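This report concerns only the one structure given below.
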Ligand code: ADP
Ligand code: MG
């Protein structure tokens, strides 16, 4: 049975979409059939991060409304084998949509994929709640600063309130000059948010360059964050991979 993993944060701009695209690509490269879903109805930019703009014709509401079966609605990456994408709908999820329909969709996803990563909208609104209908793990993405950490803490509380126990943390955009300070605070951060650390991702200009060249990060240059994303994906898949000491 596949695993459903949400990627959330309190604050916008911490790197959720980047993390979903990179981790999904890494899981696929590692041989796992992986689907990623854009649940960010307003921003909808996961297609860009996956270099799959213009590939997705259908969205998850087509599956929810049972207008199309799951595998017809998902688009396959032309660049990475095993990687699939389901986009957010053009209009907001209608108010009357039954949350049970999301449960059904996630059950189908578990049957067809090894992993499904969900790019949640910022905040803890309706899209965020529907994304957490049926979840095996929730990853909170925060940067090292205290504003982002406080928001991540609120998101973790909201996720816990929805009954999710397996909450993990990714600290993104670590800068070498701040690493010493963050290292001292890291244990505090983990305690505050109450989530075990899953990965540390450095600030990496290759993310910008890869996007600019419309190439998935993992195929662009195997440097810096690409290694850290790969290590993080291996941890998701159950491998014991020690955390790097930020020297890359
Ligand atoms: P969110 O989905 O949480 O709003 P995004 O993934 O869109 O955040 O990231 C916001 C911006 O930060 C994007 O321009 C993205 O390219 C950049 N970014 C994210 N993570 C990193 C990183 N580790 N290093 C450099 N830039 C990053
Ligand atoms: Mg986003």
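The values are calculated or read from the model by the stated rules, or taken from the named source; none is laboratory data. Keep in mind it's a predicted model, so treat the numbers as computed, not measured. Counting neighbours? That spans all protein chains shown, and the Cβs are built from the backbone with ideal geometry, glycine included.
Applying a threshold of 6 Å to beta carbon distances and a minimum spacing of six or more residues, or different chains, the list of pairs starting in the stretch 191-208 at a residue that is closer than 14 Å to residue 144 by Cα and ending at one that is assigned to a helix (DSSP H, G or I) and within 16 Å of ligand 2 (Cβ to nearest atom) reads 193/152. A count restricted to the stretch 119-165 and to residues that are away from ligand 2 (no atom under 16 Å from the Cβ), in a helix (DSSP H, G or I) and touching a residue at least 60 places away in the same chain (Cβ under 8 Å) stands at 6. Across the stretch 176-225, what is the number of residues that are within 24 Å of residue 155 (Cα to Cα), surrounded by 14 or more Cβ atoms within 10 Å (Cβ to Cβ) and touching a helix residue (DSSP H, G or I) at 6+ places or on another chain (Cβ under 9 Å)? Residues meeting the conditions: 13.
Scanning the stretch 117-126 for residues that are surrounded by fewer than 20 Cβ atoms within 10 Å (Cβ to Cβ) and more than 12 Å from ligand 1 (Cβ to nearest atom) yields a count of 2. Somewhere in the stretch 157-164, is a residue more than 18 Å from the chain's Cα centre (by Cα), at positive phi and more than 15 Å from ligand 1 (Cβ to nearest atom)? Yes; the residues of the stretch 157-164 include at least one that is more than 18 Å from the chain's Cα centre (by Cα), at positive phi and more than 15 Å from ligand 1 (Cβ to nearest atom).
Exactly one residue out of 133, 232, 143 is modelled with pLDDT under 95 and either within 15 Å of the chain's Cα centre (by Cα) or more than 30 Å from residue 97 (Cα to Cα) (or both): that is 143.
Here's the yes/no breakdown for (1) surrounded by 24 or more Cβ atoms within 10 Å (Cβ to Cβ); (2) out of contact with any helix residue (DSSP H, G or I) (no Cβ under 9 Å at 6 or more places or on another chain); (3) farther than 25 Å from residue 165 by Cα; (4) modelled with pLDDT of 95 or more:
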{"residue": "4", "(1), (2), (3), (4)": "yes, no, no, yes"}
{"residue": "8", "(1), (2), (3), (4)": "yes, no, no, yes"}
{"residue": "18", "(1), (2), (3), (4)": "yes, no, no, yes"}
{"residue": "22", "(1), (2), (3), (4)": "yes, no, no, yes"}
{"residue": "33", "(1), (2), (3), (4)": "no, no, no, yes"}
{"residue": "36", "(1), (2), (3), (4)": "yes, no, no, yes"}
{"residue": "42", "(1), (2), (3), (4)": "no, no, yes, no"}
{"residue": "49", "(1), (2), (3), (4)": "yes, no, yes, yes"}
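The set of residues from the stretch 1-39 being under 17 Å from residue 109 (Cα atoms), away from ligand 2 (no atom under 11 Å from the Cβ) and in a helix (DSSP H, G or I) comprises 24, 27, 28. Going through 42, 81 one at a time, which residue ends up being part of a loop (DSSP other than H, G, I, E, B) and either under 25 Å from residue 213 (Cβ atoms) or more than 16 Å from ligand 1 (Cβ to nearest atom) (or both)? From the options 42, 81, the qualifying one is 81.
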